[in-house]
1. If you line up the long axis of helix 97-126 against the longest principal axis of the chain, both from Cα atoms, how many degrees apart are they, to the nearest 10?
2. When Lys and Arg each count +1 and Asp and Glu each count -1, what net charge do the other residues less than 10 Å away from F41, Cβ to Cβ, add up to?
3. Would you tally the net charge around V55, using a Cβ to Cβ cut-off of less than 12 Å, leaving V55 out, and scoring K and R as +1, D and E as -1?
4. Report the FRET efficiency, 1/(1 + (r/R0)^6), for D131 and K343, where r is their Cβ-Cβ distance and R0 is 45 Å, rounded to 0.05.
5. Count charges around G162 for me, please; just the other residues with Cβ under 13 Å from its Cβ, Lys/Arg as +1, Asp/Glu as -1.
6. So which trypsin sites (Lys or Arg not before Pro) in segment 183-292 are both in a DSSP loop and have at most 12 other Cβ atoms within 10 Å of their Cβ?
7. Within a 10 angstrom radius of the beta carbon, how do H266, H218 rank from fewest other beta carbons to most?
8. Which distance in Å, rounded to a whole number, links the C-alpha centroids of segment 239-291 and segment 297-343?
Amino acid sequence: MTPLLASTKIAACGLSPLWAQSPHWAPSTLWAQLTGSSFLFPEQKSTVAAEVDWVFYFILTLSLIFFVIIIALMVLFMIAYRRQPGVEPADSPAHSTALEVTWSVVPGVLLIFIFYWGFAGYLDLRTPPSDSYDISVMARQWSWEFTYPNGFSDKDLHVPAGRPVRLVMTSNDVLHSLYVPAFRVKQDVVPGRYTYMWFNAEPGEYQLFCTEYCGTDHSDMLAKVIVHPADEFPAWLEKASNVAETLPPVEAGRYYYERKGCAQCHTIDGTPRVGPSFKGVYGRQEKLADGSTVTVDENYIRESILDPQAKVVAGFKPVMSSYKGMLKDKQISVIIEFLKSLK
Ligand code: CUA
């Protein structure tokens, strides 16, 4: 990328005036141009990505320059002032005001710059624009659920491009953290309170991670971020919202099984995972942790969804959290129909 292109790109991000004025000849910027955005980081796909990378490369370059200078001087002095036969060590000077002022003032000035850029970037990342599009996020072991203003929810995050999107996030169980590397945004998701994140993204499909260790399947707690061109987003939302409504019960049950987090822990091919497999579960006699047995029927399935710890199948850990308030009665009914169909 040419310096001119790079500077246009940074300036075009609608950042604070300071960012637009960043010296594009600075070593850190040259580094970014030489290495390309894919050398250390994925491509910059949000408006804040350029400024986050800029500060990172600035600090990295600065550290490298000082590292090289200090190591080179150490080696040089070791050779130049080594003990030599016939040369007695002279007294070294105890104090040099000029030297001490230099090594305090130069790093001090650099620190002020780093603090200013870091803090300005932090404030930008912490302050969602007032016209942002709100999506609520529920994290649970081990899936994500994204709910749109019309009530529709999905396991992947769909957003409109070129407009600020604010995520209002909370957790159903333990601490999670939402991270989209391409956008350079990451924020803890905490049970019992709401945390926020915002970004303004370019069209495309990106990976979303959980970056807080949250139990057995933490590494599977993934989702896609699909950024739709702004004019296509309303049509997508309308269409997606209607899909579940029009499906026959068994298919609707499968739809919720895949999107509400069931599939993360319960397979439908007979392999036990975190929880028992759903294959042939309906009508099965299950041995419980307390030694009694239960027949899996509509009531047992419903109870297990709403109060998972009530009757835990022997051999499985009581890790599931309740879906009370997260699944409507109608959704539970079609999930039961889906389980019945898994002979
Ligand atoms: Cu959720 Cu790790």
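Just so it is clear, none of the values below were taken in a lab; they were calculated from the coordinates. Note that the coordinates shown come from a computational prediction; the quantities given were computed from them, not determined experimentally. Using ideal geometry, Cβ is built from the backbone for each residue, glycine included, and neighbour counts are taken over all protein chains shown.
1. 20 degrees
2. On the way: positive: R184; negative: E43, D53.
Result for the neighbourhood of F41: -1.
3. Working: positive: R184; negative: E51, D53, D124.
Residues near V55 contribute -2 overall.
4. On the way: r = 51 Å, r/R0 = 1.14.
Approximately 0.30, to the nearest 0.05.
5. Values: positive: K45, R163; negative: D131, E202, D231, E232.
Residues near G162 contribute -2 overall.
6. Sparse-neighbourhood loop trypsin sites (Lys or Arg not before Pro): R193.
7. Working: H266 20, H218 16.
So the residues, fewest neighbours to most, are H218, H266.
8. 9 Å
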